Amino acid sequence: GAVVSQHPSRVICKSGTSVKIECRSLDFQATTMFWYRQFPKQSLMLMATSNEGSKATYEQGVEKDKFLINHASLTLSTLTVTSAHPEDSSFYICSARTGWGTDTQYFGPGTRLTVL
Amino acid sequence: DAKTTQPPSMDCAEGRAANLPCNHSTISGNEYVYWYRQIHSQGPQYIIHGLKNNETNEMASLIITEDRKSSTLILPHATLRDTAVYYCIVKGGSEKLVFGKGTKLTVNP
């Protein structure tokens, strides 16, 4: 099956710093990648959609200048949380879509971000 | 808003079949039914999807009613490792996956 990886799996940072999370599709080319956020005991909330080589589309209420997304290749997307605050602490999950067939999305294992 | 309705929780005995229902009465003709599950502190795992025919793979079976207004995910022989939150999602081809609250399935020994 299609495999998506994320790095790092856990990160702790100080308030005001920036953190970059990588998402890779390991055995397929992903025309579209998605970034989700999940707070404790809540469901996944879509943050943004990115297509390779173009600007990301952000969901309503998600600050594009705070959550920078780059999708420079068909196998890599990055999410940078800039000037992190404690309220940004969450579980960040990426997914990738092959863009063919029925467009099934495959998810990465997630990144636990803790901002002190 | 999620287009599906699922029971918030279910229990199942280990080794028995787990039947997870999902209502999607407003589904349109070009929308698929997808099932994912999320084990605690992990990313969602794709299970199966279908349009109108029943589907089966190595993980589960998906039974879709003839009017397509509801479906059932069947785990034929549940194990403790199947304890997870199961999400039923209705989605057209290029639409985004929107997660509802899902069903928390607990498999008991």
Checked the stretch B:1-39 for anything assigned to a loop (DSSP other than H, G, I, E, B), acidic (Asp, Glu) and modelled with pLDDT of 95 or more; matches are B:14
Checking the condition facing chain A (nearest Cβ under 10 Å) and either on the phi < 0 side of the Ramachandran plot or surrounded by 19 or more Cβ atoms within 10 Å (Cβ to Cβ) (or both), which residue from B:69, B:52, B:96 passes? B:96
Could you check, for the stretch A:97-112, whether at least one of its residues is surrounded by 13 or more Cβ atoms within 10 Å (Cβ to Cβ), farther than 30 Å from residue B:59 by Cβ and touching a residue at least 40 places away in the same chain (Cβ under 8 Å)? no
Among the residues of the stretch A:59-68, are any of a type in the set (S, T, N, Q) and over 26 Å from residue B:84 (Cα atoms)? yes
Out of B:109, B:21, report the one residue that is more than 9 Å from every other protein chain (Cβ to nearest Cβ), surrounded by fewer than 21 Cβ atoms within 10 Å (Cβ to Cβ) and touching an Asp or Glu at 6+ places or on another chain (Cβ under 7 Å). B:109
When residues of the stretch A:19-74 are filtered for being out of contact with any Cys (no Cβ under 9 Å at 6 or more places or on another chain), of a type in the set (Phe, Trp, Tyr) and in contact (Cβ under 8 Å) with a residue 12 or more places away in the chain, how many remain? 3
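The values are calculated or read from the model by the stated rules, or taken from the named source; none is laboratory data. This is a predicted model, so every value here is computed, not measured. Every residue, glycine as well, gets a Cβ built from its backbone with ideal geometry; the counts of neighbours run over all protein chains shown.
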